[in-house]
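Undergrad: Have a look at the structure that comes next, please.
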Amino acid sequence: MGDRSPPRQVQVHHQQQRPSYLQEPTWKLTGGRHTEQQHQGPSASKILAVVTLVPVGGTLLGLSGLTLAATLFGLAVSTPVFLLFSPVIVPAAVAICLAIAAFMTSGVFGLTALSSLSWVYRYIRRATGTVPEQMDMAKRRMQEMAGYVGQKTKEAGQEIQSRAQEGRRSTTEQRT
């Protein structure tokens, strides 16, 4: 037991790779001598992406320029027309906006009225639908109660009759 060596611990330190812009230049690492490294060119997928996206991006940029030019031209042409006809256009726009608001308000009021009438109809139908059921149930309970009371009355009458007969027998036996 004495010849046993103490346990050893191994520590592992992971090194993270630094981005290329933080790494030392290769000429410093080689002692000032410039060595050529073999660089691989871009992959086929990157080339295909560039070849595809450059024309698409150029086309979209051209279309956005045309849209801007058309908007500026339309604004330049329509501004004098708006200034000349503004005494007519502004009241007409206000009238159209008020008409649209009134139409939408009437639609909302109509929907509210329909939903209220629908609720009242369902409420009345539910109430009238349950009244006959409640009446039938009350009628059945009354019939059951009448039958029960009739049965109890009959049993009570038989009990009274049997006691009366016993009372007569006992009085006739006492006399004899």
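The values are calculated or read from the model by the stated rules, or taken from the named source; none is laboratory data. Being a predicted model, the structure only gives us computed values, none of them experimental. For the accessible areas, the whole protein counts, side chains as well, though only heavy atoms, and no ligand, DNA or RNA atoms are used. Shrake-Rupley method; radii C 1.70, N 1.55, O 1.52, S 1.80 Å.
Undergrad: For region 39-56, which positions are open to solvent by less than 100 Å² (accessible area, probe 1.4 Å) and not in a helix (DSSP H, G or I)?
TA: Correct list: G41, P42, S43.
Undergrad: Follow-up question, since we're still on this one. Which one of these is on the phi < 0 side of the Ramachandran plot and modelled with pLDDT of 95 or more: L98, L117?
TA: It is L98.
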